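The values are calculated or read from the model by the stated rules, or taken from the named source; none is laboratory data. The model shown is predicted, which means the values in this text are computed figures rather than measured ones. Positions of Cβ are backbone-derived with ideal geometry, glycine not excepted, and every protein chain shown enters the neighbour counts.
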Amino acid sequence: MLFNSVFSVVRFLFLSVSSVFSLVRFSLSFDSSAFSFFKAY
């Protein structure tokens with residue numbers, strides 16, 4: 001029972017960290033593309 005709750009908490013933390021990481025990676029790629037777009041003009 002205790003192990004199951006710990007596993008669910010770890011899974012929740014892993015999902016939240018992965019979602020935040022993907023969001024940061026998306027914003028970084030968007031910033032780099034916007035920077036290259038502005039540099040072209």
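Structure notes:
- Odd one out for S16 among (1) modelled with pLDDT of 85 or more; (2) loosely packed, with under 10 Cβ neighbours inside 10 Å: (2)
- Residue match in the stretch 32-40 (condition: among the aliphatic types (A, V, I, L, M), exposed (fewer than 10 other Cβ atoms within 10 Å of the Cβ) and either in contact with a strand residue (DSSP E or B) (Cβ under 6 Å, 6 or more places away or on another chain) or assigned to a helix (DSSP H, G or I) (or both)): yes
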